[in-house]
Each structure stands twice: as C-alpha cells, then as structure tokens.
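What follows is calculated from the coordinates using simple rules that are stated; it is not laboratory data. Model, not experiment: these values are computed from the prediction. No Cβ is skipped: glycine too gets one built from the backbone with ideal geometry, and neighbour counts run over all protein chains shown.
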Amino acid sequence: MREALFSILGPDLTGARVLDAYAGSGALGFEALSRGAAEATFVEPAPAAVRRLEENVRALGVEAVVTVIRGRVLEHLARASHPYGLILADPPYELQEEPAFLRAAAIRLSREGILVLERDIHGAPLAVPAGLRHTRTARYGSNCLEFYAPVPGDDLG
C-alpha cells in the first residue's frame, strides 16, 4: 500500500510539511522525507513505538526536520499552530475515530494540501466534513486509501 500511495502522490514532495498521524513505525513520514518533504511530524501514543521512531530519526540523521510527539492525534491536531501540506493517517481500525480525525484534520490542512486516510474497505461510509472534499478512493484488497483536499476558496487551512 505504501508503494501505491506514493505512486499516486508522485515522486516529488519538495517543501511539504508532513503529518504522519498514528505513525507506528513512521514509514509513511520517512518516505515523504525521502521524496523531498521539508519536515515531518510523527504522532504516536505507544511508548515503544515512540522509542523506535526516535531511534530511526537518529539513525537517519533527520533530527533537524523531524518532530516526534508521544500522544493522541486528535489532541495534537487541536493544539497544532500551523497547517500541513500532507497528512497521512493509518489509524488502528479498532479506534473508530475516523470521523473525528477528518474533522480535526480539515482544520490543519493547508489550502493546497492532501489528506490520505487508510481504512478498511468494509467500514461504514464516512461523511465528508466541512472544509474537505473527497477526491479519490484507491482500493487494495480489504483496505483502501481515501484522498481528500480542501474545498477551493475555503478559509480553513
């Protein structure tokens, strides 16, 4: 799925400010950095995963452009003071917080930004919150990638 995602996004993410929500291993954020993203923020609540993320940041030598936050994504989005050009989210399916996540992320997505949400294809349809428009669904087995962009002319991001 990661290869498909970045094939859709394209090879050049130069200058993007990236949020890897529900970061886990950080694979999505690190891939974005390798494609030219200017900075990445990783948000992950699990202490062991945060330790691995911090180790990977040091091993890759990207401390200057990475922020690792141990905490909940929804709390980070409520506190964040700047927009993101690319928001990547692969939340644990059992959390069932996709609707709340989309509402919170809509406010933090830049005017030219892209939000990508990985989810179970069999999950309930998601309502698209104010400020976002659904642009694409890419299906891969029992999962899919849902792509969103800001509503043109909206002042949310």
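A cut-off under 13 angstrom between Cβ atoms defines the neighbours of Ser81, and their net charge, with Lys, Arg +1 and Asp, Glu -1, is +3.
Run through the DSSP bridge list for the stretch 2-150 and note the antiparallel percent, rounded to the nearest 5. Taking every DSSP beta bridge within the stretch 2-150, about 45 percent pair in antiparallel fashion. Every helix of 4 or more DSSP H residues in the chain counts as -39500 (n - 2.57), and over all residues that averages to -9000 deg cm²/dmol at 222 nm.
With Cα atoms as the point set, the chain shows a radius of gyration and Dmax of 14.5, 41 Å. 3J(HN,Hα) along the stretch 135-141, derived from phi through the Karplus expression 6.51 cos²θ - 1.76 cosθ + 1.60 where θ = phi - 60°, amounts to 10, 5, 10, 10, 9, 9, x Hz, with x in place of Gly and Pro. Less than 5 angstrom separates the built amide H of Leu109 from those of Tyr84, all sequence-distant by 5 or more or on a different chain. When you restrict to C-alpha pairs under 8 Å that are six or more residues apart and normalise by the size of the chain, the relative contact order lands at 19 percent. Amide H to amide H, with H built 1.01 Å from N, Ile114 comes under 5 Å of Leu86, Ile87, counting only residues 5 or more places away or on other chains. Close amide H contacts of Thr41 (hydrogens built in the peptide plane, cut-off under 5 Å, sequence separation of 5 or more or a different chain): Val18, Leu19, Asp20, Thr67. Protection proxy ranking of 39-49, 141-151, 17-27, by the mean of other Cβ atoms within 10 Å over each peptide's residues and highest first, is 17-27, 39-49, 141-151.
GNM on the chain, alpha-carbon springs under 10 angstrom: the most fluctuating residue among Leu28, Leu126, Leu86 is Leu126. In plain terms, the chain from His82 to Ala59 could stretch by 5.6 nm, reckoned as 0.36 nm per residue minus the Cα-Cα distance.
So if I take the centroid of the Cα atoms in the stretch 26-90 and the same for the stretch 104-156, what is the distance between those two points in Å? For the stretch 26-90 versus the stretch 104-156, the Cα centre distance is 19 Å.
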